[in-house]
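The values are calculated or read from the model by the stated rules, or taken from the named source; none is laboratory data. Owing to the predicted nature of the structure, the values given are computational and were not obtained by experimental measurement. When we count neighbours, we look across all protein chains shown, and the Cβ atoms used for this are built from the backbone with ideal geometry, even at glycine.
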There are 2 protein chains.
Amino acid sequence: MRGAVLYAPGDVRVEEREDPRILLPTDAIIRLSATCVCGSDLWPYRGVEAVKGPAPMGHEYVGVVQEVGSEVKNVKPGQFVIGSFFASDNTCAICQAGYQSSCIHREPVGGLGAQAEYLRVPLADGTLVATPGTPSDDLIPSLLAASDVLGTGWFGAVAAEVGPGKTVAVVGDGAVGLLAVLAAKQLGAERIIAMSRHEPRQELAAHYGATHIVTERGDEGVARIKELTDGLGAHSVIEAVGTQESMMQSIRSTRPGGHVGYVGVAHNVQLPGEELFFSHVHLHGGPAPVRRFLPELIDLIWNRRIDPGKVFDLTLPLDQAAEGYRAMDERRAIKVLLNP
Amino acid sequence: MRGAVLYAPGDVRVEEREDPRILLPTDAIIRLSATCVCGSDLWPYRGVEAVKGPAPMGHEYVGVVQEVGSEVKNVKPGQFVIGSFFASDNTCAICQAGYQSSCIHREPVGGLGAQAEYLRVPLADGTLVATPGTPSDDLIPSLLAASDVLGTGWFGAVAAEVGPGKTVAVVGDGAVGLLAVLAAKQLGAERIIAMSRHEPRQELAAHYGATHIVTERGDEGVARIKELTDGLGAHSVIEAVGTQESMMQSIRSTRPGGHVGYVGVAHNVQLPGEELFFSHVHLHGGPAPVRRFLPELIDLIWNRRIDPGKVFDLTLPLDQAAEGYRAMDERRAIKVLLNP
């Protein structure tokens, strides 16, 4: 089969890879209907994360089950399914508490390479969720978004305790940040402040429910949030970048007693304990337990109540994955869908 | 009046200070029935925090109202009252959300010096809570504990989302840690693991409801908590020290999705963002909004359902404050009560 492989920073190639096959009785093989490039794929692509030899890329996937191992009970060949970036058993105490991305048996899907024609999904029963039927083509981008960026933005909003009557700020205008705006709207936020200086992203944020746009960053961004909230800060801030600046901007934009939900994968972040102590914020986040939210998100998409697929503003054939990475790296595209 | 003043690390003197008087119409003057030395007083005493010139010390107090400003409505002369280390209006949006120690008008009481005969309490209406009547002498230590260490331990337990069915670990065996054990018990925890290597403190922890004692610290302490929790970590961990080691021990002792409540005043702490991200813990804490809990805590003490005053294992006249500091610094005493 064909699949994308990262050889070195900036060097993504689509090449022939071995077809995946069932290795364990809990595995499933799916034929991908769509896959995509993630903001987090840009960390190794940019050399911020080390690239150790040629690495199959991709961890977002929707597709049709081709084959299942002998112990798989919940999904069967022919079903259209969605999974996320950590395979999980969905039965351990951590999964049952809603933290499937910290499942005691979790396996990262990233290493298996979902930017490809086929994918082996470990722990298929715990990981995959089937849609009610075969989706029409126009729903596929939204279902693919549920695999990571929607689920991640949603978790950010839940971690930030977004709810009715609250003012929410979103730091980061990538796909996750934009879909955190969508999540905040769905969860009933009263005001949603999107922090973005890019016009197409501002427009999409407004489409998803942002009531205010703030273009300033850092201390100036914090000052604008304070101005909009009687000097107190937002009740809930969703961090969707992962840098020192974005984390501090998020903490400082939150009122005492408020909540920061952080879902940008932290890179070289050190949080000053004393400032955090006196900030009085709640801090929660990490790799989103997308599996927790998948049934609800699929339902919302299936019934066309949300349209997260709009974050895909560039669609390419899988063979042009390298151009997809470039477009996202240069911020020419918000998110790139790849057709295998 | 007489009052304790810190001149330099290790140099506490009780000397004549000017009698406090009403400065603002929202002030009250109270005659202290008891005051005490706090673990956090040891930071400047040990020179870890800078001492800027002679500083009146103390921020824990119970006593009888002597005089009130013209705008004070909620307390009146003759009443026995308890306040905490931040004066607060108890009416702003932050107070109403339960974060009185981040009140938009807050004033630190520490700078006013509660280790003294009299104290000016700003924002008396929002800060002071009267007891149902004049307490008998044996209740005074417990009421004094409510002024800070009990309220702080309680907030730690609330921030750590302690509740029925949960396993709770407490890092730190000072008065706050011990009273966090008491709080965890009151809040219905199923198992309470006190981390302590000091026998008298272990005994008091057991008295307050600890079901397990762990003497190991750091990585070994984390390993012991994991052993006791099926390898997962505790649901709730209360951090009551404030060092890098104790914070990391707390975070690492908590299961994914669990809660760290941290109330040790952070000193030279830097939290590694990436580890925190993948830990999946909730982190909340800061200076305890003791005012939120005072009515409930006074009620529990008044009805003799809790006995937090047992943390005072040394009582001295105010004039011997220096010996009180030494005893706590050398860990000869858990907490020292001073009689003005």
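For the reader, a short list of remarks on this structure follows.
- A:Asp138 vs. criteria out of contact with any Asp or Glu (no Cβ under 6 Å at 6 or more places or on another chain), part of a loop (DSSP other than H, G, I, E, B) and charged (D, E, K, R): no
- Residues in the stretch B:222-253 that are β-branched (Val, Ile, Thr) and facing chain A (nearest Cβ under 10 Å): B:Thr229, B:Thr243.
- Conditions (1) assigned to a strand (DSSP E or B); (2) of a type in the set (Gly, Ala, Ser); (3) out of contact with any Ser or Thr (no Cβ under 6 Å at 6 or more places or on another chain): number failed by B:Ala169: (3)
- Condition met for A:Tyr118 (touching a strand residue (DSSP E or B) at 6+ places or on another chain (Cβ under 6 Å), closer than 24 Å to A:Glu15 by Cβ and either assigned by TED's automatic domain parsing to the domain that holds A:Glu296 or free of Cβ contacts under 8 Å to residues at least 24 places away in the same chain (or both)): yes
- For the stretch B:70-94, the candidate set comprises residues that are more than 20 Å from B:Ala34 (Cβ to Cβ) and out of contact with any helix residue (DSSP H, G or I) (no Cβ under 7 Å at 6 or more places or on another chain); within that set, the residue that is nearest to the other protein chains (Cβ to nearest Cβ) is B:Ala93.
- Whether a residue is out of contact with any helix residue (DSSP H, G or I) (no Cβ under 8 Å at 6 or more places or on another chain), assigned by TED's automatic domain parsing to the domain that holds A:Lys166, at negative phi and among the aliphatic types (A, V, I, L, M) was assessed, and A:Ile225 passes this test.
- Taking the conditions (1) surrounded by fewer than 24 Cβ atoms within 10 Å (Cβ to Cβ); (2) in contact (Cβ under 8 Å) with a residue 24 or more places away in the chain; (3) among the acidic types (Asp, Glu) in turn, B:Asp173 satisfies each one other than (1).
- If you filter the stretch A:123-133 down to residues that are assigned to a loop (DSSP other than H, G, I, E, B) and touching a residue at least 60 places away in the same chain (Cβ under 8 Å), you find that the one that is surrounded by the fewest Cβ atoms within 10 Å (Cβ to Cβ) is A:Pro132.
- Residue in the stretch B:136-156 that is touching a helix residue (DSSP H, G or I) at 6+ places or on another chain (Cβ under 6 Å), polar (S, T, N, Q) and more than 14 Å from chain A (Cβ to nearest Cβ) present: yes
- Selection status of B:Ala184, assigned to a helix (DSSP H, G or I) and farther than 19 Å from B:Pro308 by Cα: no
- Only a single item in (1) farther than 21 Å from B:Ala97 by Cα; (2) assigned to a strand (DSSP E or B) is not met by A:Trp154, and it is number (2).
- Residue within the stretch A:78-101 that is surrounded by fewer than 17 Cβ atoms within 10 Å (Cβ to Cβ) and farther than 29 Å from A:Gly285 by Cα present: yes
- Residue selection: A:Tyr99 fails the criterion of being among the aromatic types (Phe, Trp, Tyr) and more than 14 Å from every other protein chain (Cβ to nearest Cβ).
- Condition check for A:Gly98: assigned to a loop (DSSP other than H, G, I, E, B) and touching a strand residue (DSSP E or B) at 6+ places or on another chain (Cβ under 9 Å): yes
- Failed item, numbered, when B:Ile213 is tested on (1) more than 7 Å from chain A (Cβ to nearest Cβ); (2) in a strand (DSSP E or B); (3) within 27 Å of A:Gly261 (Cβ to Cβ): (3)
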